[in-house]
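The values are calculated or read from the model by the stated rules, or taken from the named source; none is laboratory data. Here the structure is a predicted model, which is why all the values come from computation and not from measurement. Heads up, the Cβs are rebuilt from the backbone with ideal geometry, glycines too, and the neighbour counts pull from every protein chain shown. Quick note on the areas: whole protein, heavy atoms, side chains included, nothing else; ligands and nucleic acids left out. Shrake-Rupley method; radii C 1.70, N 1.55, O 1.52, S 1.80 Å.
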Amino acid sequence: QQQQQQQQQPQPSPSSTRIPPQNEIYPPPPPSTASTLGKVAWVACGGPTGLFVMDIMLVILLLGIVISYLSAVISFLSDTPLTMGSLGDALVVATCMALLSLVPDLGYLSKASAIGLVVLAGTFAVITAYGVWGEHTTTTHEGDE
């Protein structure tokens, strides 16, 4: 009767039950402080090299974003009477960006963000009003009579 029960139970195939060899080395798990993207890089590259490369790539990306913001603000302010020269504008903008990034919780900036959105909406309203009801003058040249 025991032989019949053993025959009725399905036996696992040799290919489905893989026992890893004793000398097979697995990489250590990623650190618990790693972000999700860092954990994916850790597993994809087989260890800390992937995490290191991903961190370096993100730092380069963020530095490029900061530099492009600085360049845009310098070019916007260069033609206004508010400019302090390109170096002075860059120092003021970099200081403001640094102070805003030191906030421990970005929820503190919600009121400033709301004020910024109201100012942006007001700017669009003024531009639209000027386009619709603004002074439409045509310029004539001396020879166009």
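Worth pointing out:
- At a probe radius of 1.4 angstrom, the accessible area of region 68-137 per residue rounds to 81 square angstrom.
- If R0 is 30 Å, the Cβ-Cβ spacing of LEU99 and ILE56 corresponds to a FRET efficiency of close to 0.70.
- Take LYS39: with every protein chain present and a 1.4 Å probe, its accessible area is about 80 Å².
- In this simple spin-label approximation, VAL92 and LEU63 carry label points 7 Å from Cα along the Cα→Cβ vector, and these lie 2.7 nm apart.
- Apolar share of the accessible surface for region 34-103: 79 percent from carbon plus sulfur atoms, 1.4 Å probe.
- Compactness of region 34-103, expressed as Rg and Dmax over alpha-carbon positions, Å: 17.6, 56
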